[in-house]
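Visitor: Here it is, the structure, as structure tokens.
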Amino acid sequence: MDDIRRLTGLDQTASSETMSDLDHQFDTKLATLLRFIYPGHDIRTLAEQAQAAFWPDGKGMREVPRTPEDRGQWSEADALMIAYGNSIVDGEHKPLDLMLDFLLRYVREAVSGVHILPFFPFSSDEGFAVTDYRAVNPVLGDWADINRIAEDFTLMSDLVLNHVSSQGTWFSDYRQGKAPYDKFFFEASPEDDLSEVVRPRTNDLLREVETANGVKHVWCTFSHDQVDLDFTNPDVLFECLRIMRLHIENGVRIIRLDAVAFIWKEIGTNCIHLPQTHAIVQLLRLLLDYEEERVVLLTETNVPNAENLSYFGNRNEAHSIYNFSLPPLLLHAMLTGTSQYLNRWQMAMPPAPRGCAYLNFSASHDGIGMRPAEGLLPQDDLNLLCETTQKFGGLINMRAVPGGGEKPYELNITFFDALKGTAQGEDDLQFERFICSQTIVMGIEGIPAFYIHALLATHNDHEAVEKTAVNRAINRHRWHYPALREHLANETSIHSRVLTEMSRRLAIRRAQSAFHPNATQFTLQLGDEIFGFWRQNLYRDQSIFALHNVTDMKAIVPCVSLNLIAGEQWVDLLSGEVIDPVDGEIEFAPYQARWITNRAW
């Protein structure tokens with residue numbers, strides 16, 4: 001990483017004058033990155049090809065780049081919903097139309113954007129084995145439906161750039177020896193030393209295939225239906241740039257780089273987070289910094305915390321990264337009644353660099369990742385998470401480890417059912433426990449994102465697992481829209497109760513400038529039972545003390561434990577209760593959360 005920072009003129013030791021000069025030298029930066037990634041190539045030609053791929057009509061490029069000081073990417077009003085294009089169906093209307101109806105009807109005041117998981121034709125892995133990058137899956141709808149959603153909500157899409165479907169035209173042309181796809185896929189030999197390769201699956205890494213050029217062994221990080229692209233060929237990068245352009249032209253304003261950590265391979269290495277990978281992310285960021293449309297680059301790297309943080313680079317890689325360590329640590333706190341490890345992690349987390357932001361979430365379409373908890377939770381506590389997940393009806397996906405053997409990779413369970421009880425067993429506080437967990441996601445530094453099945457308190461879908469033989473299907477339920485609407489019309493339904501309360505809290509949140517994604521945050525020390533942090537807005541005129549009882553018992557916090565400035569009126573935004581800043585105590589019911597502020601907007 002130090003080498004690439006020096007090469008791009010972004011070493012921390014560079015003079016301010018040099019930094020300023022380079023900020024306005026697009027050609028120099030682009031050429032330097034391309035030279036690092038593709039030594040031995042004609043760099044001028046590559047630079048021309050890269051620009052032609054990203055700006056095919058020669059238009060849309062800013063003269064002056066956006067800088068980290070440009071804070072217009074997000075605000076406290078931003079929150080995202082995550083969903084598959086067919087998370088809601090009725091057998092009659094296009095699923096994308098139903099999604100838009102759901103967004104407008106139920107969550108318009110709660111979320112500002114939506115991440116539609118891969119909406120392209122695919123062969124497996126629920127969309128992440130893409131067969132055609134330029135089409136919308138006709139089962140879901142078409143580009144016009146995508147455009148309509150983008151008119152009302154900030155739209156996030158997936159750039160699945162590590163691999164493509166083995167059943168798509170690219171791989172078919174590769175096997176037939178047709179240019180340019182005959183050089184699009186990464187090949188290796190079974191004789192190569194692949195012992196150090198890090199990957200999230202247990203199947204064989206290489207797949208043997210017959211091609212017009214003989215028997216080849218192609219690299220498959222995830223599955224044999226997902227064949228890895230060869231980014232040592234610059235034409236692969238340029239094709240990805242063309243796909244990015246298509247997304248932008250269709251209203252996408254957040255581009256998620258799926259599985260980006262694995263895109264560059266070198267035999268004999270671990271093939272994850274290699275310097276060329278970071279250089280490619282820097283190149284994508286450079287292009288977006290000069291793009292007329294404001295587009296956010298988000299990296300998806302489900303890895304240990306320090307590795308994940310590296311994708312901010314030196315404020316020159318991702319605008320945003322997933323806060324992958326939050327879900328397992330949050331689950332642990334709610335199951336054990338102690339915020340010890342969640343608190344310790346939060347204290348050590350740096351603020352997002354200027355111009356960057358964390359993306360906070362608890363539940364995703366995959367599962368609750370265990371790798372991001374490595375080094376943060378003791379092994380006994382990792383085991384406890386696995387045991388409790390299985391006790392509450394969940395499943396576990398494994399990964400291969402270098403040198404042989406397997407380890408838990410992710411917990412497959414809906415986050416709502418993961419909180420059926422504590423490590424001691426089920427109880428009657430599931431609603432309260434779950435809402436507390438989501439309130440933490442809403443409050444901490446960053447942009448909150450909520451999987452649709454968290455918003456709807458969806459239960460484990462064991463029937464889907466039986467039908468597909470895929471553990472992840474447990475958390476990918478497809479709601480029948482008429483049935484869902486009946487549930488949401490019934491105020492006593494758990495689905496209605498959860499969506500109503502989460503929407504209420506998100507509506508409160510979006511009006512508080514102290515919840516700006518980059519507002520100041522300080523972790524409080526209030527004992528293991530209370531997970532708390534202080535947020536202060538960028539203008540320093542609003543403070544919020546976000547306090548969360550993570551236990552199934554009542555708790556008390558003395559007012560003197562908080563820095564509640566005397567002479568100002570402090571109120572709990574969630575309950576409306578006025579708090580005396582000097583005397584008394586603040587009481588908490590089991591799993592109660594409070595947002596105590598001096599400015600209630």
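Visitor: Each residue of the stretch 307-315 in order: what ³J(HN,Hα) in whole Hz does its phi give by Karplus 6.51 cos²θ - 1.76 cosθ + 1.60, θ = phi - 60°, with x for Gly and Pro?
Guide: Once rounded to whole Hz, the list reads 5, 4, 4, 5, 7, 6, x, 10, 6.
Visitor: Okay, next question. For the stretch 211-357, take the alpha-carbon Rg, divide it by the Kirkwood Rh, and send me Rg/Rh.
Guide: 1.03
Visitor: In degrees, nearest 10, range 0 to 90: what is the angle between the Cα axis of helix 26-37 and the longest Cα principal axis of the chain?
Guide: Approximately 70 degrees, to the nearest ten.
Visitor: Which value in Å does the Kirkwood hydrodynamic radius of the stretch 377-520 take, with 1/r averaged over all unlike C-alpha pairs and then inverted?
Guide: 17.0
Visitor: Tilt of helix 95-106 relative to the longest C-alpha principal axis of the chain, in degrees (0 to 90, nearest 10)?
Guide: So the helix axis and the longest Cα principal axis differ by about 30 degrees.
Visitor: What is the helix-to-structure angle for 143-152, meaning the angle in degrees between its Cα long axis and the longest Cα principal axis of the chain, kept from 0 to 90 and rounded to the nearest 10?
Guide: It works out to around 40 degrees.
Visitor: For the pair Phe522/Asp90, report the inter-label distance in nm, with labels modelled 7 Å from Cα in the Cβ direction.
Guide: My value for the distance between the label points is 5.2 nm.
Visitor: Mind jotting down a quarter of the surface of the convex hull over the alpha carbons of the stretch 256-330, in square nanometres, one decimal?
Guide: Across all orientations, the stretch 256-330 yields a mean hull projection of 5.4 nm².
Visitor: Quick one: divide the alpha-carbon radius of gyration of the stretch 520-597 by 2.2 N^0.38 Å and tell me what you get.
Guide: Dividing the Cα radius of gyration by 2.2 N^0.38 Å gives 1.03.
Visitor: Another question, if that's okay. Based on alpha-carbon positions alone, could you give the equivalent ellipsoid semi-axes of the stretch 535-580 from the gyration tensor, as √(5λ), descending, whole Å?
Guide: Equivalent-ellipsoid dimensions as semi-axes: 21, 13, 11 Å.
Visitor: Calculate, for Glu109 and Asn213, the FRET efficiency according to 1/(1 + (r/R0)^6) with r their C-beta to C-beta distance and R0 35 Å; round to the nearest 0.05.
Guide: Efficiency at R0 = 35 Å is approximately 0.05.
Visitor: While we're on this one: List every residue whose amide H lies under 5 Å from the amide H of Phe450, counting only residues 5 or more places away in sequence or on a different chain, with H placed 1.01 Å from N in the peptide plane.
Guide: Leu80, Met81, Ile82
Visitor: Okay, next question. For the stretch 320-363, what is the Kirkwood hydrodynamic radius in Å, using each pair of distinct C-alpha atoms?
Guide: 11.2
Visitor: Enter the per residue convex hull volume of the chain, computed from alpha-carbon coordinates, in Å³ rounded to the nearest integer.
Guide: Measuring per residue, one finds 156 Å³ for the Cα hull of the chain.
Visitor: For the stretch 180-220, what log10 I(q)/I(0) values come out of the Debye formula at q = 0.30 1/Å, with one point per alpha carbon and no solvent?
Guide: These q points yield log10 I(q)/I(0) values of -1.18.
Visitor: Now for a separate question. Once label points are set 7 Å from the Cα along Cα→Cβ at both Lys554 and Asp428, what is their separation, rounded to one decimal in nm?
Guide: 1.7
Visitor: Explain nothing, just compute: Karplus ³J(HN,Hα) = 6.51 cos²θ - 1.76 cosθ + 1.60, θ = phi - 60°, for every residue of the stretch 241-256 in order, whole Hz, x for Gly and Pro.
Guide: With the stated coefficients, the stretch 241-256 comes to 5, 5, 5, 4, 4, 4, 4, 4, 5, 9, x, 6, 10, 10, 10, 9 Hz.
Visitor: Antiparallel versus total DSSP beta bridges in the chain: what percent is that, nearest 5?
Guide: 60
Visitor: May I ask which residue of Leu96, Phe122, Met61 lies farthest towards the positive end of the charge dipole of the stretch 59-138, with charges of +1 (Lys, Arg) and -1 (Asp, Glu) on Cβ and the Cα centre as origin?
Guide: Highest projection toward the positive end goes to Met61.
Visitor: List, largest first, the extents of the alpha carbons of the stretch 58-214 along their principal axes, each in whole Å.
Guide: 57, 48, 37
Visitor: Now for a different question. Please list, by residue number, every one of the trypsin sites (Lys or Arg not before Pro) in the stretch 69-116 that is coil in DSSP and has at most 16 other beta-carbon atoms within 10 Å.
Guide: Hits after loop and neighbour filter: Arg71, Arg108.
Visitor: Taking 20 °C and 1.002 mPa s as the conditions, I'd like the Stokes-Einstein D for the stretch 514-553 in µm²/s, using the Kirkwood hydrodynamic radius from alpha carbon pairs.
Guide: Calculated translational D: 200 µm²/s.
Visitor: Just in the stretch 161-263: which GluC sites (Glu not before Pro) are loop by DSSP and have at most 16 other Cβ atoms within 10 Å?
Guide: Glu191, Glu196
Visitor: Here is a further query. For the stretch 309-414, restrict the atom set to alpha-carbon positions and state the Rg and Dmax in Å.
Guide: Reported Rg and Dmax, both Å: 14.8, 44.
Visitor: Further, regarding this structure: Need one number: % antiparallel among DSSP beta bridges in the stretch 308-422, to the nearest 5.
Guide: 65
Visitor: Which loop-located trypsin sites (Lys or Arg not before Pro) does the stretch 522-585 contain, where loop means any DSSP state but H, G, I, E or B and the Cβ has at most 14 other Cβ atoms within 10 Å?
Guide: Answer by residue number: Arg540, Lys554.
Visitor: Over what distance in Å are the Cα centres of the stretch 190-209 and the stretch 380-410 separated?
Guide: Each part's Cα centre sits 21 Å from the other's.
Visitor: Run the numbers for Asn563 and Asn383: contour at 0.36 nm per residue of separation, minus the present Cα-Cα distance, in nm.
Guide: Taking 0.36 nm per residue and subtracting the Cα distance, the gain is 61.0 nm.
Visitor: For the stretch 74-141, how big is Rg over Rh, using alpha carbon atoms and the Kirkwood form of Rh?
Guide: When Rh is taken as the Kirkwood radius, the ratio is 1.02.
Visitor: Between Ala469 and Glu587, what is the spin-label point distance in nm, taking each point 7 Å from the Cα along the Cα→C-beta axis?
Guide: Result for the modelled spin labels: 5.7 nm.
Each value in this text was obtained by applying a stated rule to the coordinates, not by laboratory testing. Since the structure is predicted, the reported quantities are computational estimates derived from the model, not experimental observations. Here the Cβ is made from the backbone with ideal geometry for all residues, glycine too, and neighbour counts use every protein chain on show.
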